[in-house]
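Worksheet: one structure, shown below.
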Amino acid sequence: LAKTTQPISMDSYEGQEVNITCSHNNIATNDYITWYQQFPSQGPRFIIQGYKTKVTNEVASLFIPADRKSSTLSLPRVSLSDTAVYYCLVYNAGNNRKLIWGLGTSLAVNP
Amino acid sequence: DAGITQSPRHKVTETGTPVTLRCHQTENHRYMYWYRQDPGHGLRLIHYSYGVKDTDKGEVSDGYSVSRSKTEDFLLTLESATSSQTSVYFCAISESIPGARSEQYFGPGTRLTVT
C-alpha cells in the first residue's frame, strides 16, 4: 500500500517558483496522484491531478517521473496568497480502495 | 464553490454525550466522506459513502458511525464522545471515485470540542 511523504514546511519569496515533492514509493499501477491546497479555517481545495508525465492547469504543474515513485507540484511565481498547506493524495484503486494523504507541506511565501 | 454545508460549525460537548454532525450537499454527488483533521496527523478518513445506505469504514472509524438515507445528507455520529475526538471534522463529496479525474470538494468544517 502506498505511503505518501512530503516535507513539513518550505519557505519562498514572492515571484519565485516553488516545487514541492511528494514521495510515494509503493504506488500501484492504477493509483492517481492529487494535490490539494488548504488555507486556515477552510477545507482543502483541489489543485491538480495526474497519473504520469506532466499535467498543467492555470495554477500549477504536476510532474510525475516514469517510475511514479514521486511527484512534484510546481507553483510558478508565487505570491503572498499562496501561503497555505499543500497536501499530496494517492488514491489506491486496488482492492483496498484507500485514500492515502500526506501530512501536508506548510508553504510560507515572504515579501 | 461546491454546495456543501456542515452543521453545526462549532460545538462544545461533554464526555459521554452523543453528538451528530450533518453534511448536506446540493451537487447530487454519489460519494461523500467524513474526515478529521488534527495537528501532526493531517487528514484522516473516518467513513465514506458510495451511495444511499452504502457506507464503508475509513482508517479511524472506531467510536464513529454514519448514516446516509438521502443522496444529499451524510450524518456522522459519535455515540459517546471522548476527549480524543476533539478535532476539526470535514465533510467532502466527489462525483465518482477519488482518482480517475474525480476531485473531492470539501465543506467548511466543524470544530468539535469534547470537555
Quiz item: HN-Hα J couplings of region A:60-76 from phi, Karplus 6.51/-1.76/1.60, θ = phi - 60°, integer Hz, Gly and Pro as x?
Solution: 7, 10, 10, 10, 10, x, 4, 7, 6, 7, 8, 8, 10, 8, 10, 10, x
Quiz item: Tell me, what ³J(HN,Hα) does each residue in region B:6-17 have, in order and in whole Hz, if you take phi through Karplus 6.51 cos²θ - 1.76 cosθ + 1.60 with θ = phi - 60° and put x for Gly and Pro?
Solution: 10, 9, x, 8, 9, 8, 10, 9, 9, 3, x, 8
Quiz item: Taking the Cα centre of each part, how many Å lie between region B:1-50 and region A:1-59?
Solution: 23 Å
Quiz item: Once amide H atoms are built 1.01 Å from N in the peptide plane, which residues 5 or more positions from A:THR83, or in another chain, come under 5 Å H to H?
Solution: A:VAL109
Quiz item: What are the extents of the Cα atoms of region A:9-110 along their three principal axes, listed from largest to smallest and rounded to whole Å?
Solution: 43, 29, 22
Quiz prompt | Summed buried accessible surface, chains B and A, 1.4 Å probe, nearest 100 Å² | solution = 1600 Å²
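Stretch A:LYS54-A:THR72 to full length: gain in nm at 0.36 nm per residue minus the Cα-Cα span? Could you put the intermediate results ahead of the total?
Details: separation 18, 0.36 × 18 = 6.48 nm, distance 0.96 nm.
Difference between extended and current length: 5.5 nm.
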Exercise. Would you please give the residues with an amide H less than 5 Å from that of A:ILE47, counting only those at least 5 places away or on a separate chain, with H modeled from the backbone geometry?
Key: A:TRP35, A:TYR36, A:GLN37
Self-check item: In order through region B:44-54: 3J(HN,Hα) via Karplus (6.51 cos²θ - 1.76 cosθ + 1.60), integer Hz, x for Gly, Pro
Solution: 10, 6, 9, 8, 9, 10, 10, x, 4, 6, 10
Quiz item: Using a 1.4 Å probe on the protein chains only, how many percent of the accessible area of the protein assembly as shown belongs to carbon and sulfur?
Solution: 47 percent
Exercise. In debye, nearest 20, what is the charge dipole magnitude of region A:9-110 about its Cα centre with +1 on Lys and Arg Cβ and -1 on Asp and Glu Cβ, if you could check?
Key: 440 debye
Quiz item: Exactly which GluC sites (Glu not before Pro) in region B:43-115 are in a DSSP loop and have at most 10 other Cβ atoms within 10 Å?
Solution: none
Practice problem: Enter the accessible area per residue of the protein assembly as shown (Å², integer; probe 1.4 Å; all protein chains in place). | Solution: 49 Å²
Self-check item: In region A:5-111, trypsin sites (Lys or Arg not before Pro) in a DSSP loop with at most 15 other beta-carbon atoms within 10 Å
Solution: A:LYS52, A:LYS69, A:ARG77, A:ARG97
Exercise. With a cut-off of 15 Å, note down the residues of region B:75-115 whose backbone N falls inside the zone around a label point 7 Å from the Cα of B:VAL12 toward its beta carbon.
Key: B:86-87, B:111-115
Quiz item: Can you list residues whose amide H is under 5 Å from A:SER106's amide H, if they're 5+ apart or on another chain and H is modeled 1.01 Å from N?
Solution: A:SER9, A:MET10, A:TYR86
Quiz item: Given R₀ = 41 Å, FRET efficiency for B:VAL52-A:GLN16 by Cβ-Cβ distance, to 0.05?
Solution: 0.30
Quiz prompt | Unsatisfied cross-links (Cα-Cα over 27 Å) in the set A:LYS69/B:LYS53; B:LYS11/B:LYS70; A:LYS3/A:LYS54 | solution = A:LYS69/B:LYS53
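The values are calculated or read from the model by the stated rules, or taken from the named source; none is laboratory data. This is a predicted model, so every value here is computed, not measured. Cβ coordinates were reconstructed from backbone atoms using ideal geometry, including for glycine residues, and neighbour counts include every protein chain displayed. Surface areas here come from the heavy atoms of the whole protein model, side chains and all, with no ligands, DNA or RNA. Shrake-Rupley method; radii C 1.70, N 1.55, O 1.52, S 1.80 Å.
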